[in-house]
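First the structure, in the form of structure tokens, and then the observations on it.
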Amino acid sequence: MDCLFCKIIDGKIPSKKIYEDDQVFAFHDINPQAPVHFLVIPKKHIATLDDVTEEDRAVVGHMLYTAQKLAKELGCEAGYRTVFNCNEQGGQTVYHIHLHVLGKRQMTWPPG
Ligand code: AMP
Ligand code: ZN
């Protein structure tokens with residue numbers, strides 16, 4: 001499958017890996033928008049949040065749990081932001097779902 005993040009999971013494209021288990025893979029974003037900016041992705045290819053099915057609910061929960069654990073390990077005790085961009089108007093550019101985790105700077109609301 002011609003998917004950038006599937007290739008990262010398979011090691012065909014290099015990444016700065018933070019964590020991996022049987023369900024998820026986490027790595028630093030190549031274009032960080034905060035001092036800490038990493039992505040948590042499922043090993044299963046799911047194109048967008050709209051494509052999540054009932055059987056995927058556990059892995060999406062595990063993505064959030066992983067985000068929380070890694071954010072703390074990377075020093076985001078003061079807080080952090082998690083974001084799923086979905087489809088074009090949501091600002092999604094890579095069509096393999098990914099949870100952005102940003103921290104170590106003050107976040108503002110609303111986002112741009
Ligand atoms: P989104 O706009 O939500 O689809 O986010 C895609 C994210 O993937 C962006 O923040 C990119 O900087 C990041 N990204 C794209 N290619 C790579 C790569 N090879 N390694 C790490 N992060 C990447
Ligand atoms: Zn994929």
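The values are calculated or read from the model by the stated rules, or taken from the named source; none is laboratory data. What you see is a predicted model, and the numbers here were worked out from it, not measured in a lab. Here the Cβ is made from the backbone with ideal geometry for all residues, glycine too, and neighbour counts use every protein chain on show. Just so you know, the surface numbers come from the protein's heavy atoms only, side chains and all, with ligands and any DNA or RNA stripped out. Shrake-Rupley method; radii C 1.70, N 1.55, O 1.52, S 1.80 Å.
Among the lysines, which have Cα under 28 Å from the Cα of LYS7 when same-chain residues fewer than 8 positions away are ignored?
Of all the lysines, those that pass the test against LYS7 - Cα under 28 Å, at least 8 places apart if same chain - are LYS16, LYS17, LYS43, LYS44, LYS69, LYS72.
Counting only protein heavy atoms and using a 1.4 Å probe, what share of the accessible area of the chain belongs to carbon plus sulfur, as a whole percent?
Heavy-atom surface of the chain belonging to carbon and sulfur, 1.4 Å probe: 52 percent.
Taking Cβ-Cβ under 4.7 Å as the only way to count a partner, pick out the unpartnered cysteines of the chain.
If one checks each Cβ against the other cysteines of the chain, CYS76, CYS86 turn up with nothing under 4.7 Å.
Roughly how tilted is helix 57-73, in degrees to the nearest 10 and between 0 and 90, from the longest Cα axis of the chain?
40 degrees
Could you give the accessible area per residue of the chain, probe 1.4 Å, as a whole number in Å²?
61 Å²
Let me have the relative contact order for the chain, percent, based on Cα pairs under 8 Å that are six or more residues apart.
Working: 162 pairs, mean separation 33.2, N = 112.
About 30 percent, as a whole number.
When ranked by the protection proxy of mean other Cβ atoms within 10 Å per residue, highest first, what sequence do the peptides 106-112, 34-40, 67-73 form?
Descending packing order for the listed peptides: 34-40, 67-73, 106-112.
Counting C-alpha atoms alone, how compact is the chain: give Rg to one decimal and Dmax as a whole number, in angstrom.
So, for the chain, Rg and Dmax equal 13.5, 39 Å respectively.
If Lys and Arg each add +1 and Asp and Glu each add -1, what is the summed charge of the other residues whose beta carbon sits under 13 Å from the beta carbon of ASP56?
Residues close to ASP56 contribute a combined charge of -1.
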